[in-house]
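The values are calculated or read from the model by the stated rules, or taken from the named source; none is laboratory data. Just so it is clear, the model here is predicted, and its values are computed rather than measured. Cβ placement follows ideal geometry from the backbone for every residue including glycine, while neighbour counts extend to all protein chains displayed.
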Amino acid sequence: MYYAHSTSLKDKNSWQLLKHHLENVANETSEFAKEFNAEHFGYASGLLHDIGKYSPEFQRRLDGVKIRVDHSTAGAQEAKKLYGMFQSRILEYIITGHHGGLLNYGTKECGLDERLSRTFLPDYSAYKCEILIPDLNKVRPSLTPINNKMGFAISFYTRMLFSCLVDADFLDTERFISPDKSSFRGQHESFDDLFAKFDYYMKTKLSLAEENSINKYRREIYEQCIEKAELSPQMFSLTVPTGGGKTLSSMAFALNHLKKHNLNRIFYVIPYTSIIEQNADVFRKIFGNQNVLEHHSNYDPRNEKSEKNDITQEKLKLSSENWGIPIVVTTNVQFFESLFSNRVSRCRKLHNLAKSVIILDEAQMLPTGFLKPCLAALSELVANYGSTVVICTATQPNLNGLLDQRVKPVEIIHSPQELYEAFRRVHVTDLGDISDSDLSARLKTHDQVLCIVNTRKHAQNLYEQLSKSDNYYHLSSRLSAKLKAQKQVRCIVNTRRKHAQNLYGQLSKSNSCYHLSARMCPVHRRKKLNEIKGLLKERAECRVVSTQLIEAGVDIDFPAVCRAMSGVDSVCQAAGRCNREGKLASGKVYVFRSTEDYGKVKNWQSRVAEIGSMIFDEWDDPLSLPAVDRYFEKLYSYEGDGLDKKRILPAFEDRLRDIAFPFEDVANAFSLIENDTRDIIIPYDDKARSIIKQIQQTGFPGKYVRNLQGYTVSIYVDEFKALEKSNAISSIANRFFVLKKLEDYSEDTGLLNRKHNDEDLLLIA
């Protein structure tokens with residue numbers, strides 16, 4: 001008798017027979033792969049993946065003998081004997097990788113080629129007495145290569161089959177080892193039920209909406225999305241201005257399209273975690289917690305501690321492993337890095353993208369350096385896997401020269417230009433070059449104004465100028481409350497600038513002046529944003545200096561906005577924070593170019609700003625749809641090969657003849673976020689300090705990860721090393737770094753930069 005898995009019992013009647021495991025995995029892999037007509041490959045891979053367990057050595061290992069046995073190379077070697085190169089090579093990759101991940105083809109020294117050359121494998125020939133391997137030599141996948149990239153098409157097919165196999169393998173093993181856990185899977189409401197919930201929610205919302213021109217257009221957008229949902233699965237664009245209700249309208253399209261064409265799931269892909277949390281909350285409110293998975297780096301349900309009887313949380317944990325849930329809300333990073341990963345844990349969920357609706361929100365935020373590979377993956381899903389992709393944004397990127405004609409997007413909205421005019425709420429003025437002192441003076445002429453700049457340093461310096469009172473030069477000490485109580489007072493202190501700056505901000509800052517940047521932890525920023533919204537609502541004085549972080553996912557409304565020159569899409573996002581509710585005849589948006597060295601951007605941002613300037617010079621309305629279209633056309637033309645900066649696509653074409661793919665190399669190269677930053681936890685309030693204390697006491701940080709996200713600030717490695725050298729941070733649980741003293745953190749501007757703030761100054765008032 002040959003077994004796949006043992007139990008704690010010595011009686012082998014409780015063990016899982018290997019034949020049963022192989023047949024179960026084969027059938028389930030085949031069922032998954034049927035969604036993209038790959039059921040024959042799926043079935044064969046399931047039968048072959050564990051035939052190495054037929055060796056006496058592996059069976060002894062199950063009996064408790066402590067030996068290592070390579071059981072995943074055998075199936076690949078057998079496939080090479082049974083099939084022609086094309087059929088066998090696909091199976092070789094996925095079988096050898098079903099535990100450790102997809103390998104580079106490599107050489108005789110390493111990689112798949114080395115695994116196929118091994119001559120010292122244990123004898124697994126007993127499989128022939130129990131398993132009949134099907135003949136695949138006449139089976140070939142029907143793939144449509146996009147932009148003539150057949151290598152990419154085959155590699156993508158391999159990755160999708162790999163996903164089917166590893167998920168089926170995990171699920172069958174789980175059913176045997178943890179049947180109670182396995183029983184939680186798949187217990188979600190049907191899409192008929194979710195459709196009914198959404199329909200009820202929208203009918204109620206629309207019936208309560210005020211009768212005005214904006215709501216009239218929102219209703220038309222919603223109805224057009226439902227109308228276009230009748231069209232066959234393909235790539236769509238949805239061009240809706242800020243405030244047009246695209247979140248709910250795009251979901252209406254997805255639900256109706258899924259119902260019409262019997263699709264499987266809905267994926268909502270969003271660039272920022274600040275937006276994803278808001279949208280996920282909206283969807284949970286409509287559909288129920290158990291039907292919506294929020295999955296991103298800041299929130300992975302697997303890291304969450306559940307209450308003893310919290311079945312919903314347990315279901316979410318399981319669905320995060322393979323996206324086996326009706327609605328998934330995730331980020332660009334999670335979505336695209338999974339599509340190019342070679343790791344089992346990330347690839348396991350990919351097969352569930354087949355025959356699904358994928359909505360890319362704020363699609364202009366697709367990373368430029370990886371744009372071509374991202375578009376290639378989306379095109380594959382549309383052309384060869386029956387999926388529908390919706391490119392959803394107010395500033396539609398011009399992709400005509402990058403997409404194959406067979407997947408060219410169909411616009412859902414009848415007249416995007418008419419919508420643009422209907423929702424147009426601002427007038428844009430170009431201020432040209434301007435210094436911080438002149439900019440500060442201009443900002444002070446507005447009672448309520450938002451100024452967005454491109455760098456953290458610029459935000460901090462401009463904020464200091466704007467908030468500076470004529471009555472003070474610079475003061476420090478925690479005596480601010482007592483000093484403010486005096487009508488006239490002089491205070492002279494001898495201290496370093498970092499200390500002076502903190503109190504000076506408290507003492508001299510008008511309550512109406514605010515700073516926002518990523519040097520402030522999220523909890524701190526949310527607190528400030530709530531104060532800002534309160535002042536705006538009361539029509540009180542409120543001047544805010546912010547980095548780009550306020551441009552996405554922040555529902556805020558200023559009568560005037562100033563924006564440092566950047567890409568036209570960023571200026572459009574900034575304009576979306578001006579006259580957002582349409583209470584004014586027209587809001588005022590000013591674009592400027594800073595003359596300060598610290599206000600000038602470099603590298604890629606500089607190129608984007610330069611192209612933005614060109615558009616402002618060429619167009620009377622630089623935010624119009626034709627101007628935006630021209631901006632992206634210029635940007636993509638300038639970038640050229642930089643749209644695939646790591647040469648991801650050529651990597652799959654270079655050795656196509658041998659079907660020799662560098663899966664590991666590509667996975668390492670495809671990183672949307674450069675890993676040159678470190679997170680510092682700020683003990684900002686009592687809650688943060690309590691969490692830090694609990695981690696120190698228990699040494700188990702996993703369940704606190706999500707709560708700590710609200711207290712982190714990301715800094716570059718050189719600054720991190722400077723903090724380490726000065727003993728300003730401490731390590732907890734060998735995983736997190738905590739700021740030791742709050743004196744290094746300003747209530748006004750967040751984490752102080754020692755390089756900028758450590759000079760000795762003469763401080764007088």
Kindly check whether there is at least one residue in segment 449-456 that is assigned by TED's automatic domain parsing to the domain that holds K600, surrounded by fewer than 20 Cβ atoms within 10 Å (Cβ to Cβ) and touching a helix residue (DSSP H, G or I) at 6+ places or on another chain (Cβ under 9 Å). no
Can you tell me which residue among N291, N298, N264 is assigned by TED's automatic domain parsing to the domain that holds S387 and modelled with pLDDT under 90? N298
Answer residue from segment 341-364, given it is under 19 Å from M251 (Cβ atoms) and part of a helix (DSSP H, G or I) and is modelled with the lowest pLDDT among those: A363
What pairs come out if I take residues in segment 542-561 that are on the phi > 0 side of the Ramachandran plot and pair them with residues that are of a type in the set (F, W, Y) whose C-beta lies under 7 Å away, six or more apart or interchain? G553/Y272
Can you find even one residue in segment 285-303 that is in a helix (DSSP H, G or I), under 26 Å from F370 (Cα atoms) and not β-branched (V, I, T)? no
Matching entry among S570, S671, S594 (being over 22 Å from L419 (Cα atoms), buried (at least 18 other Cβ atoms within 10 Å of the Cβ) and polar (S, T, N, Q)): S594
Report whether or not E28 is out of contact with any Lys or Arg (no Cβ under 9 Å at 6 or more places or on another chain), of a type in the set (D, E) and within 18 Å of D135 (Cα to Cα). no
If V65 satisfies every condition in (1) aliphatic (A, V, I, L, M); (2) surrounded by fewer than 16 Cβ atoms within 10 Å (Cβ to Cβ); (3) more than 30 Å from W15 (Cβ to Cβ) but one, which is the exception? (3)
Looking for something surrounded by fewer than 23 Cβ atoms within 10 Å (Cβ to Cβ) and either in a helix (DSSP H, G or I) or at pLDDT 95 or above (or both) - is there at least one such residue anywhere in segment 155-162? yes
With the condition kept exactly as written, say whether any residue in segment 366-377 is farther than 24 Å from A552 by Cβ, assigned by TED's automatic domain parsing to the domain that holds H261, in contact with a helix residue (DSSP H, G or I) (Cβ under 8 Å, 6 or more places away or on another chain) and crowded, with 22+ Cβ neighbours inside 10 Å. yes
Qualifying position, being in contact (Cβ under 8 Å) with a residue 24 or more places away in the chain and either among the basic types (K, R) or part of a strand (DSSP E or B) (or both), among K34, K19, K10: K19
Counted residues, segment 403-421 - those being crowded, with 16+ Cβ neighbours inside 10 Å and closer than 24 Å to P622 by Cβ: 5
Being buried (at least 20 other Cβ atoms within 10 Å of the Cβ) and more than 22 Å from D658 (Cβ to Cβ), is that true of even one residue in segment 74-91? yes
For segment 705-748, enumerate the residues that are of a type in the set (F, W, Y), surrounded by 17 or more Cβ atoms within 10 Å (Cβ to Cβ) and assigned to a strand (DSSP E or B). F736, F737, Y745
